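Down below is the structure, laid out as structure tokens.
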Amino acid sequence: MLKIIQTFIIITCFAFTTYAQSSAPELALIDANGKSITISSLKGKVVFINFWATWCQPCVKEMPTIQALKESFRDVVFLTVDIDGDLPKSNAYMEKKNYTLPVYAAPTAVPREYYYHTIPATDILNKNGEIVWRTDGGFDYSAPEISKILADLIAGK
């Protein structure tokens, strides 16, 4: 029975996490001040993008580990995207929790390669602007594998 449970857990993890490299389509985001940022403008940098909402319990649960990751990796660009586009509400949430994660909204549809109707969803892009890691659903970003992925990408591996 234990073997069956372990196999199920392994299959489930692979179903929700991808390590395959693929080109990231253009994505434009806007912050509460109207400042725009695009994925193409971040080429040459490692980018961590998290799609979330304040009402999403798995999103809220993983946010402290994303904040801690941001504090550990200052060379990575962190983007949190409120899928509801309610920037005043999501910025108030970040402020209340003392998080320094920048919040954006997508003024147009988000390409499926990044997020497709499941939150939280997270993508990590390498310096070439390629998606090298993604996951749908809550995740503990204090996991050593994430730190290794980011460190390797920063080092150009």
So, first residue more than 14 Å from V60 (Cα to Cα) and of a type in the set (V, I, T) in segment 133-149, second residue modelled with pLDDT of 95 or more and assigned to a helix (DSSP H, G or I), Cβ within less than 9 Å, six or more apart or across chains; the pairs are I146/T65; I146/L69
Of the residues that make up segment 94-107, is at least one buried (at least 20 other Cβ atoms within 10 Å of the Cβ), farther than 24 Å from N33 by Cα and touching a helix residue (DSSP H, G or I) at 6+ places or on another chain (Cβ under 7 Å)? no
Residues to consider are T54, T80, T65; find the one that is surrounded by 14 or more Cβ atoms within 10 Å (Cβ to Cβ), closer than 19 Å to L29 by Cβ, out of contact with any strand residue (DSSP E or B) (no Cβ under 7 Å at 6 or more places or on another chain) and β-branched (V, I, T). T54
Please determine whether any residue of segment 89-105 is among the basic types (K, R) and in contact with a strand residue (DSSP E or B) (Cβ under 7 Å, 6 or more places away or on another chain). no
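Suppose we filter Y104, Y115, Y99 for residues that are modelled with pLDDT under 95 and either over 18 Å from D31 (Cβ atoms) or among the hydroxyl-bearing types (S, T, Y) (or both); which single one remains? Walk me through how you get there before you give the answer.
Numbers: Y104 fails: modelled with pLDDT under 95; Y99 fails: modelled with pLDDT under 95.
Only one candidate passes the filter, namely Y115.
The values are calculated or read from the model by the stated rules, or taken from the named source; none is laboratory data. Small disclaimer: the values here were computed from a predicted structure and weren't measured. Neighbour counts run over all protein chains shown; Cβ positions are idealised from the backbone, glycine included.
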